[in-house]
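Engineer: Dumping the structure here so I can ask a few things about it.
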Ligand code: C2E
Ligand code: MG
Ligand code: MG
């Protein structure tokens with residue numbers, strides 16, 4: 001996928017990396033056709049080691065990338081092309097080559113870049129995967145060759161690190177779905193294919209709907225509705241997540257501004273990276289002002305992870321947001337990063353117990369005894385507890401016995417459009433109140 005930042009890197013002739021790749025691909029294929037040669041289109045993905053970002057040295061990754069490109073060029077010939085298309089992905093064009101020889105080259109590439117690199121006394125090894133589509137066997141169409149090679153990279157990825165895989169005429173459907181999602185995502189917002197649904201939240205004490213969580217969805221023209229779990233991480237890799245967050249924030253504000261029932265609170269998901277954005281506070285304040293809304297109407301949900309506990313700036317930012325008047329919820333609580341001493345420093349109003357965590361605890365009678373103390377601890381710290389993923393009446397009645405505050409799950413209601421949410425509040429309160 002074309003990365004925003006890489007797209008900005010243009011050569012002296014004013015061409016972007018993708019334009020150069022397209023020219024080289026057309027030229028190589030024209031030669032291959034003229035002289036009846038076969039050409040390999042290889043899609044290479046690198047997996048930069050985690051230690052690289054943990055060094056906090058911004059110069060290391062560019063230095064490592066330069067060394068990787070040098071090794072790639074060393075393995076390939078002058079007539080071949082190495083095109084970097086984003087931070088982690090390359091397209092390699094290997095002209096006039098048989099499948100057998102290409103196999104040897106791919107083995108060499110993987111071996112070469114997985115061998116240790118030493119930069120400033122740091123040692124790194126970079127695993128990779130390669131997918132290959134041969135011209136003319138796989139396809140004769142340049143764009144299709146790249147997409148098939150990329151899908152084949154996902155097939156290699158499923159085998160583990162440091163594998164390559166050749167397209168054999170049979171397209172792997174789930175791998176190709178990933179390619180379509182990744183390639184089309186940058187256009188989804190522009191083409192108006194993204195939308196927000198709202199999942200109701202029910203307060204057990206007041207016995208009524210007190211809010212709803214805004215959840216993003218993508219209506220893809222050929223794949224249908226795609227859940228966020230399938231595209232959020234691509235958005236993150238492509239540097240689009242900030243854009244998506246502000247879009248969701250604006251969309252929710254615009255929608256609720258027209259709603260007279262202003263007593264409901266709306267939750268919006270926020271990632272740690274967005275929380276650390278310099279312009280976050282200013283931008284959200286502007287959006288709220290545009291729709292004459294108050295932060296008191298919004299809950300920001302931040303997912304429990306290691307950074308939330310370990311990065312000082314995260315804590316400071318959460319305090320700022322809290323002071324502005326937002327409600328703060330810790331999402332997916334129980335995912336395994338819990339650190340009590342850091343947790344109590346966070347300015348939290350809610351913890352949302354993760355669905356899988358809740359299910360596994362409820363299954364095991366011994367573990368059930370852990371839930372009550374968690375709820376009591378949260379209450380003693382002045383927080384409320386939301387239970388996610390309650391699907392049926394049995395689960396609901398189990399949770400009624402525990403002292404939690406808010407229930408969110410299919411039993412209360414699935415994510416629906418805003419109009420449907422407002423229309424269904426009466427019915428939900430009547431149905432659930434009768435249990
Ligand atoms: P989350 O914030 O924990 O959202 C709850 C997820 O659980 C939603 O999935 C919801 O549809 C699902 N769910 C709720 N009740 C039930 C139930 O009773 N049973 C089952 N099986 N599932 C239930 P969804 O919409 O697929 O979202 C998945 C995740 O994607 C969200 O988890 C959230 O982390 C992320 N996400 C969604 N929208 C956004 C967004 O606008 N921005 C960001 N950064 N992340 C988002
Ligand atoms: Mg959430
Ligand atoms: Mg959650």
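Engineer: Only one of 288, 281, 293 is part of a loop (DSSP other than H, G, I, E, B) and more than 19 Å from residue 421 (Cα to Cα). Can you tell me which?
Structural biologist: After applying the criteria, what remains is 293.
Engineer: Name the single residue that is modelled with the highest pLDDT among those in the range 333-347 being within 16 Å of ligand 1 (Cβ to nearest atom) and in contact with a helix residue (DSSP H, G or I) (Cβ under 8 Å, 6 or more places away or on another chain).
Structural biologist: Of everything passing the filter in the range 333-347, 333 is modelled with the highest pLDDT.
Engineer: For the range 389-414, name all the residues that are surrounded by fewer than 19 Cβ atoms within 10 Å (Cβ to Cβ) and either over 21 Å from residue 362 (Cα atoms) or touching a residue at least 40 places away in the same chain (Cβ under 8 Å) (or both).
Structural biologist: If the condition is that a residue be surrounded by fewer than 19 Cβ atoms within 10 Å (Cβ to Cβ) and either over 21 Å from residue 362 (Cα atoms) or touching a residue at least 40 places away in the same chain (Cβ under 8 Å) (or both), then 393, 400, 414 are the ones that fit.
Engineer: With the requirement that a residue be surrounded by 14 or more Cβ atoms within 10 Å (Cβ to Cβ) and either part of a helix (DSSP H, G or I) or more than 16 Å from ligand 2 (Cβ to nearest atom) (or both), what does the range 348-382 give you?
Structural biologist: 355, 357, 358, 361, 362, 371, 374, 375, 377, 378, 379
Engineer: Still on this structure: Which count do you get for residues in the range 168-201 that are within 19 Å of residue 419 (Cβ to Cβ) and part of a helix (DSSP H, G or I)?
Structural biologist: Within the range 168-201, residues that are within 19 Å of residue 419 (Cβ to Cβ) and part of a helix (DSSP H, G or I) number 0.
Engineer: Give me the strands (runs of 3 or more DSSP E) completely within the range 202-272, filtered to those with at least 3 residues that are surrounded by 15 or more Cβ atoms within 10 Å (Cβ to Cβ) and within 16 Å of ligand 2 (Cβ to nearest atom), ordered by residue number.
Structural biologist: Once the strands (runs of 3 or more DSSP E) in the range 202-272 are filtered for at least 3 residues that are surrounded by 15 or more Cβ atoms within 10 Å (Cβ to Cβ) and within 16 Å of ligand 2 (Cβ to nearest atom), what remains is 208-220, 265-270.
Engineer: Given the conditions (1) in contact (Cβ under 8 Å) with a residue 60 or more places away in the chain; (2) more than 24 Å from residue 61 (Cβ to Cβ), report the number of the one that residue 158 does not fulfil.
Structural biologist: The single condition residue 158 does not satisfy is (1).
Engineer: Let me ask another. Please go through the range 280-298 and pick out each residue that is over 14 Å from residue 320 (Cα atoms) and within 14 Å of ligand 1 (Cβ to nearest atom).
Structural biologist: 298
Engineer: Considering only the range 77-136, state which residues are assigned to a loop (DSSP other than H, G, I, E, B) and surrounded by 19 or more Cβ atoms within 10 Å (Cβ to Cβ).
Structural biologist: 80, 85, 86, 95, 97, 126
Engineer: Within the set of pairs 6 or more residues apart or between chains, which connect a residue that is within 16 Å of ligand 2 (Cβ to nearest atom) inside the range 318-336 to a residue that is assigned to a helix (DSSP H, G or I) with Cβ atoms less than 6 Å apart?
Structural biologist: 326/295; 328/318; 328/322; 334/357
Engineer: Sort out which residues of the range 400-413 are within 12 Å of ligand 1 (Cβ to nearest atom) and in contact with a strand residue (DSSP E or B) (Cβ under 7 Å, 6 or more places away or on another chain), and write them in order of number.
Structural biologist: Residues satisfying the conditions are 407, 408, 409, 412, 413.
The values are calculated or read from the model by the stated rules, or taken from the named source; none is laboratory data. All values derive from a computational prediction rather than experimental measurement. Ideal geometry is used to build each Cβ from the backbone, glycine not excepted, and the neighbour counts take in all protein chains shown.
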